[in-house]
Amino acid sequence: MKEYYFFLVLALFITAFAHLSYKKYYIEKKRLWYVVTILSFIMASFCGFMSLRGLSIDIVYLSTSFTMIIISVFSKIWLKENITKNKIFGSFFIVLGIIIYAVSE
């Protein structure tokens with residue numbers, strides 16, 4: 001069971017990395033970042049499918065919303081983007097939704 005959660009977490013972080021590498025490609029227009037983006041999305045899909053082998057689709061699907069929070073944090077660190085009030089507000093509602101769903105199960 002632990003390996004399925006490992007693949008889920010890996011899928012979330014690779015997906016976030018893929019989004020960030022695409023932002024990097026958009027900024028720098030270097031083909032390398034485009035290739036990294038495509039390969040990252042392929043790896044994220046593989047990890048997502050591996051997690052679905054042992055976890056229910058509702059857990060995996062709900063967890064994907066957490067990717068937006070990961071992207072915001074790493075955009076601040078790697079791309080020096082600002083974390084706005086709207087991002088904080090949105091992140092709060094993502095976490096709130098995850099908690100409400102978890103409690104209702």
Q. Taking Leu39, is it touching a helix residue (DSSP H, G or I) at 6+ places or on another chain (Cβ under 6 Å) and at pLDDT 95 or above?
A. no
Q.
Whether any residue in the stretch 77-90 is touching a Leu at 6+ places or on another chain (Cβ under 7 Å), of a type in the set (A, V, I, L, M, F, W, C) and either farther than 19 Å from Phe13 by Cα or at pLDDT 95 or above (or both) is what I want to check.
A. no
Q: Determine if the stretch 17-39 includes at least one residue that is under 27 Å from Gly97 (Cβ atoms), free of Cβ contacts under 8 Å to residues at least 12 places away in the same chain, surrounded by fewer than 17 Cβ atoms within 10 Å (Cβ to Cβ) and of a type in the set (Val, Ile, Thr).
A: no
**Q.** In the stretch 40-75, the residues that are over 15 Å from the mean Cα position of the chain (by Cα) and not hydroxyl-bearing (Ser, Thr, Tyr)
**A.** Met50, Leu52, Arg53, Gly54, Leu55, Ile57, Asp58
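The values are calculated or read from the model by the stated rules, or taken from the named source; none is laboratory data. Everything numeric in this text was worked out from a predicted model, so none of it was measured. Positions of Cβ are backbone-derived with ideal geometry, glycine not excepted, and every protein chain shown enters the neighbour counts.
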